[in-house]
1. Over the Cα atoms of the stretch 1-122, what radius of gyration and what Dmax do you get, in Å?
2. Extent of the chain along each principal axis, from alpha carbon coordinates, in Å, largest to smallest?
3. What number does the stretch 161-203 give for Rg over Rh if you use C-alpha atoms and the Kirkwood radius?
4. Carbon and sulfur together cover what percent of the accessible area of the chain at a 1.4 Å probe radius?
5. What is the Cα coordinate range of the stretch 39-90 on the first, second and third principal axes, sorted by size from largest, in whole angstrom?
6. Evaluate 2.2 N^0.38 Å with N set to the residue count of the stretch 2-65, then give the Cα radius of gyration divided by it.
7. What ranking, highest mean first, results for peptides 20-29, 122-131, 194-203 when packing means the other Cβ atoms within 10 Å averaged over each residue?
Amino acid sequence: MPQIRVLVVEDNPIVRSGLVTLLRADGIDVVGEAVDGRHAIELAGRLRPDIVLLDVRMPVLDGVAAAGPLSRIAKVLMLSYDTDAAVIGDAIRNGASGYLVHGAFDMPELVAAIRDTVGGRDNPLSPEASMAVVAAFRRTQPAGTPAPDHAGFGLTPRESAVMDLIARGRTNAEIARDLFISEFTVKNHVNRIFAKLAVDTRGAAMARWLRTDEPPPPPAPTDP
């Protein structure tokens, strides 16, 4: 199996150095290190990594803004301490394939997320990131707003059940266990769901399912 080529983007030298050392110890080929978004775009264009591990809060150009240009070169996996729902949503909309929150994963889980992202098998989201997407939906909907109507998406009952669990932040393995089906079957369902929702990532699917990618309805007119 060829080594996965990774570009690490992190402005904190201690965090960056530690991450690079651990990745290399796990057989990941770290082809470059960048200290801000602009530096990352320049290096990615030259080095052509398979995936970019991208921090959010950085000088010059932050990770959310850099995610768009970088996602046209390689897969982008956000690694951040930031759990702000708006930040997570913007990163995913800009093209990030996943969003992991520091402290919510260990090294084997990060390596698995990198391999799954590059292989197109998953779009990893930390539980905090999943909850942030759901929280964003709740904030944009006035009290008493009816639940989103999913009929127009054309999902089968089984696909709808899978999508409901994705929206709760469940992994493919957890969905397989909850629905008593194989993980391979879950992946097939997820691929069909993405096609029907016209999305490429798990976060974008959640936003579409929860209607957070649509503006809230305008307020009702009042009598003069």
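The values are calculated or read from the model by the stated rules, or taken from the named source; none is laboratory data. Please read all numbers here as calculations on a predicted model, not as lab measurements. For neighbour counting, all protein chains shown are included, and Cβ atoms are generated from backbone atoms with ideal geometry for every residue, glycine included. Keep in mind that these areas ignore ligands, DNA and RNA; they rest on the heavy atoms of the full protein, side chains included. Shrake-Rupley method; radii C 1.70, N 1.55, O 1.52, S 1.80 Å.
1. 12.7, 37
2. The Cα atoms of the chain stretch 59, 51, 28 Å along the principal axes, largest first.
3. Reported Rg/Rh (Cα atoms, Kirkwood Rh): 0.93.
4. Of the solvent-accessible surface of the chain, carbon and sulfur hold 55 percent.
5. Each principal axis gives a Cα extent; for the stretch 39-90 these are 31, 21, 15 Å.
6. Rounded to two decimals, the normalised Rg is 1.03.
7. Averaged packing, sorted descending, gives the order 122-131, 194-203, 20-29.
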